[in-house]
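Participant: Please read through the structure below; I'll follow up with questions.
Laboratory data are not the source of any read-out in this text; all were calculated from the coordinates shown. As the structure is a prediction and not an experimental result, all values here were calculated from the model. When we count neighbours, we look across all protein chains shown, and the Cβ atoms used for this are built from the backbone with ideal geometry, even at glycine.
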Amino acid sequence: MLKGIEEGLGRKEIARRLRALTYGTREIPGKIELYNRVASASVNRARNWGSLFSLEEAGIGTYIWRAVGDERTCSRCFYLDGMEFSTSKMMSHVRMALKGSPADIEWISPWPTHDLARDDYYIRTPLGREYLRGKPTSWLEDHGVGLPPAHASCRCTTTIVVS
Ligand SMILES: [Zn+2]
């Protein structure tokens, strides 16, 4: 603000700059936008990870990744939609995350990135980029892929198979 006044900017220009700082621009997300993303991911995590505790307690061995499936659903989520994951294997990642430092989440439950050129999804591991297509579910589970959310504004949930 002071900087704006010293530069002799008008009120509108100062407001525009403040708005850009707070909400960000299309290219550079601002703080509010980042906080919203963190909050949205945290709420999704709390809901989905919380429900895994219930599945574990109820002795339900597997669950299904469910994407919303509307026009806002991204390809990553469509890719994971319908995959079946082991409750106990994924719970071990949840427990690791709860014990670890917040930054550890990036490798405990990594978010897949879309490689447009290859039309595949990858995560970063100590070996570098590892692509997901063709990997067995057990590999995904071992690498922490299978715990919604898959990205900041992910709306995915889990469901169980009723036989
Ligand atoms: Zn999703």
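Participant: Name the residues in the range 117-163 that are surrounded by fewer than 12 Cβ atoms within 10 Å (Cβ to Cβ) and in a helix (DSSP H, G or I), would you?
Facilitator: Ser138
Participant: List pairs: first in the range 63-83 and free of Cβ contacts under 8 Å to residues at least 40 places away in the same chain, second of a type in the set (Asp, Glu), Cβ under 7 Å, 6+ apart or cross-chain?
Facilitator: From the range 63-83, the pairs are Gly69/Asp81.
Participant: Here's something else I'd like to know. State all residues of the range 43-71 that are closer than 17 Å to Pro112 by Cα and of a type outside the set (Phe, Trp, Tyr); if no residue qualifies, say none.
Facilitator: Within the range 43-71, Asn44, Arg45, Arg66, Ala67 qualify.
Participant: Ok, one more. Pull up the range 28-87, narrow it to residues that are out of contact with any strand residue (DSSP E or B) (no Cβ under 7 Å at 6 or more places or on another chain) and among the polar types (S, T, N, Q), then point me to the one that is farthest from the ligand (Cβ to nearest atom).
Facilitator: My answer is Ser54.
Participant: Just to be sure I understand, how many residues within the range 98-109 are part of a helix (DSSP H, G or I), under 19 Å from Glu130 (Cβ atoms) and not aromatic (Phe, Trp, Tyr)?
Facilitator: Counting residues in the range 98-109 that are part of a helix (DSSP H, G or I), under 19 Å from Glu130 (Cβ atoms) and not aromatic (Phe, Trp, Tyr) gives 4.
Participant: Inside the range 132-152, can you point out the residues that are under 26 Å from Val43 (Cα atoms) and either of a type in the set (Asp, Glu) or without any contact (Cβ under 8 Å) to a residue 12 or more places away in the chain (or both)?
Facilitator: Answer for the range 132-152, where residues must be under 26 Å from Val43 (Cα atoms) and either of a type in the set (Asp, Glu) or without any contact (Cβ under 8 Å) to a residue 12 or more places away in the chain (or both): Glu141, Asp142.
Participant: For Thr137, state whether it is closer than 22 Å to Gly59 by Cβ and either within 14 Å of the ligand (Cβ to nearest atom) or touching a strand residue (DSSP E or B) at 6+ places or on another chain (Cβ under 6 Å) (or both).
Facilitator: The answer is no for Thr137.
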